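Data block below; observations after.
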Amino acid sequence: MEAKDRWKIRLELWLTLLFCARISAHMNLYMTKAEVARVMGWEAELYFIRDDHVQHSATRYDMAIKSNINSLYFNWVTERQVFYSMSFKSDNTWMMSHPGTNISMDGEVPRTEKTFAVTLHCTGKQGREVGFTMQVNLTLFSAKNITSLNFRRRKMCERDSSIPVDLRTPVPEDQAADVDVILAEKQPDTTVTSTSVFYISVGVVCGVILLLVMLVAVVHVRSVKNSDPVSETSSSRSASKSTASKKSSPNSYTKAPVVNGHINSNGVKPPNGYVGLHHQIYTAIPETPDYTEKLHTITIDRSRVTIEELLLEGTFGRVYHGKLLMSVDDEDETASEKDVLVKTVSDQSSETQEKLLLKESCHLHGLSHRNILSILHVCLEDGKPMSIFAYMVLGNLKMFLRNGRVGPGDTHQSISTKDLVQLAIQISHGMMYLGKRKVVHRDLATRNCVIDEDYNLKITDNALSRDLFPSDYHCLGDNENRPVKWMAIESLLDRKFTAASDVWAFGILIWELVTLGQTPYADLDPFEMASYLKSGYRMPQPQNCPDELFSLMACCWALLPTDRPKFTQLCAALTDFHRALGIYI
């Protein structure tokens, strides 16, 4: 074979290998760190496609976009031939036009990294949040191999008072009332039409007739009084009763201000025995049944419990490591003992605090699952009440995470990302079980979890948590300490607690795991939490937090409860991520 032919074969082989290498290359579609910071306030890149893998949690995230942001910028690149097509749709074109882009609506994804923009144009005819959809179809090699990405976003539009309302423009039915208000504000009151004169005349005539009827009624009442002196006393009583009734009853024609579609009860107090409409709509979870009924079956004699080491201490709350005698036969010296966790209160505690301990300790009573710590026994006689639980060697998860931080003089072994994900998986299993039993936790956090030496985890109730971790709870002027920075937006605004609000708290809990027990929203005033979350702001990606884990957190913090994932989906995603960590770590 000639040298020329051998060189030709080598060249063809090299080109073949180069082509194969390019086929195995990857595609990326993402928002840069600067763009994410501008739009969402996070210091992190947000990938929708990363190395050919679609990040469904990121594409499905219902992003809220502020009114001053009129464009979104995306970066993309591929190293193989990929064709695309785009489409945009606004939910309400009267308030916001269909979004557009500065590139062709269909074509080929660039081989070098490029940036394209999606423009958002509000009409200014009304101020309200408008949803829109961006669909990107990607085609590889053939028309049969198509991947569709659907981005759901919400844009806040503001009313532009300089734009007149054009009556010739068709208006959606659901906006007709708002247009009437705008027109009423802009209608000059210097001109009076003939229709107005007609209605004024009718009103005057009706007023005269009503006045005559009242005069006749007064004359009739006086004539009755004069003919029957005995009726004077009864009439005065009736009049005073009528006056008192008018003072005590609310004015049924007073229109209460409307906030976010719900009636605000400020100004008019409802009569006793009635619940305001605002709270009645959102009473999704009934009150806990009387806990005293549960105590009869689990009450034991105090002599069976031995208090040992003090583990946690609050203002009035105490948590001890103790021993439980397994046999009730005091004469049996060989009776086995069991390590237990004992929650109780100090001698300075009030009766209200004692009842609260028992009530909250019974929240998970009767539940049996490997990741749920339910109450075993209570002691009620001879002093302060005690709640008895199974003992977990490493104790409270929040305290363990904080003690496990790597630092000067730290004797603890640092916990790995894989271990943290495994803890999150166990919590998701426990929450899936609570969902099947129709139980809403309401206070899911690391402070309400315990672990043993093998990193087996159990979710606990929140008994004594307000006292043991006071900085995690805040009072918003209603004389009730609540875990404000773990609560979903609907729980803060409407006291609505569901499985979806537990999912929100689960996202905060994962953030706690990654940051080793730091406090979320540490620099934010608790009174500003609701407006902060409603505006679309969320916590940034923690340092050294994997993108996959942060994307999962972000999904849990979707504004609408229906847009948040289920615990079954979260468990599956965490399990896949844990498996991937096992392969690469």
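The values are calculated or read from the model by the stated rules, or taken from the named source; none is laboratory data. Just so it is clear, the structure is predicted and the values come from calculations on it, not from any experiment. Cβ: placed from backbone, ideal geometry, glycine included. Neighbour counts: every protein chain shown.
Below, the figures for the structure above:
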quantity	calculated
Failed item, numbered, when L492 is tested on (1) out of contact with any strand residue (DSSP E or B) (no Cβ under 9 Å at 6 or more places or on another chain); (2) of a type in the set (A, V, I, L, M); (3) part of a helix (DSSP H, G or I)	(1)
One residue from T288, T315, T297 being modelled with pLDDT of 90 or more and not in a strand (DSSP E or B)	T315
Residue count for the range 546-563, restricted to those that are over 20 Å from A580 (Cα atoms) and not in a helix (DSSP H, G or I)	4
Filter pass, W76 being surrounded by 19 or more Cβ atoms within 10 Å (Cβ to Cβ) and of a type in the set (F, W, Y)	yes
Candidate set from the range 562-585 (those that are farther than 24 Å from E490 by Cα and touching a residue at least 40 places away in the same chain (Cβ under 8 Å)); member that is surrounded by the fewest Cβ atoms within 10 Å (Cβ to Cβ)	I585
Residues of the range 511-528 satisfying the condition of being farther than 15 Å from A445 by Cβ, of a type in the set (A, V, I, L, M, F, W, C) and not in a loop (DSSP other than H, G, I, E, B)	F527
Residue in the range 450-458 that is of a type outside the set (V, I, T), crowded, with 20+ Cβ neighbours inside 10 Å and within 20 Å of the chain's Cα centre (by Cα) present	no
Top-ranked residue in the range 139-158 [being charged (D, E, K, R) and surrounded by fewer than 19 Cβ atoms within 10 Å (Cβ to Cβ); ranked as modelled with the lowest pLDDT]	K144
Near pairs, Cβ below 7 angstrom, 6+ apart or cross-chain, from the range 528-543 (under 13 Å from V39 (Cβ atoms)) to any residue that is modelled with pLDDT of 90 or more	R538/A554; R538/W557
Residues located in the range 99-114, provided they are loosely packed, with under 14 Cβ neighbours inside 10 Å and either touching a helix residue (DSSP H, G or I) at 6+ places or on another chain (Cβ under 8 Å) or in a strand (DSSP E or B) (or both)	D106, G107, E108, K114
Single match in D478, D410, D494, D443 (criterion: at pLDDT 95 or above and of a type in the set (D, E))	D443
Selection count, the range 46-63, where residues are over 11 Å from F151 (Cβ atoms) and not in a strand (DSSP E or B)	5
Any hit, the range 120-138, residues being at pLDDT 90 or above, over 30 Å from R159 (Cβ atoms) and either of a type outside the set (A, V, I, L, M, F, W, C) or in a strand (DSSP E or B) (or both)	yes
Criterion (out of contact with any Asp or Glu (no Cβ under 9 Å at 6 or more places or on another chain), closer than 25 Å to M539 by Cα, surrounded by 20 or more Cβ atoms within 10 Å (Cβ to Cβ) and not assigned by TED's automatic domain parsing to the domain that holds A572) met by exactly one of M40, M31, M96	M40
Where a residue in the range 312-324 is closer than 15 Å to L468 by Cβ and assigned by TED's automatic domain parsing to the domain that holds S350 and its partner, wherever it lies, is of a type in the set (K, R) and buried (at least 16 other Cβ atoms within 10 Å of the Cβ), with Cβ under 7 Å and at least six apart	V319/K343
The listed residue being farther than 20 Å from K114 by Cβ and modelled with pLDDT under 90, out of D62, D51	D62
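Yes/no matrix, rows are residues, columns are (1) farther than 28 Å from L325 by Cβ; (2) among the polar types (S, T, N, Q); (3) in the same structural domain as T315 (by TED's automatic domain parsing):
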| residue | (1), (2), (3) |
| --- | --- |
| K343 | no, no, yes |
| K359 | no, no, yes |
| G383 | no, no, yes |
| F400 | yes, no, no |
| G404 | yes, no, no |
| I425 | yes, no, no |
| K438 | yes, no, no |
| D452 | no, no, no |
| Y455 | yes, no, no |
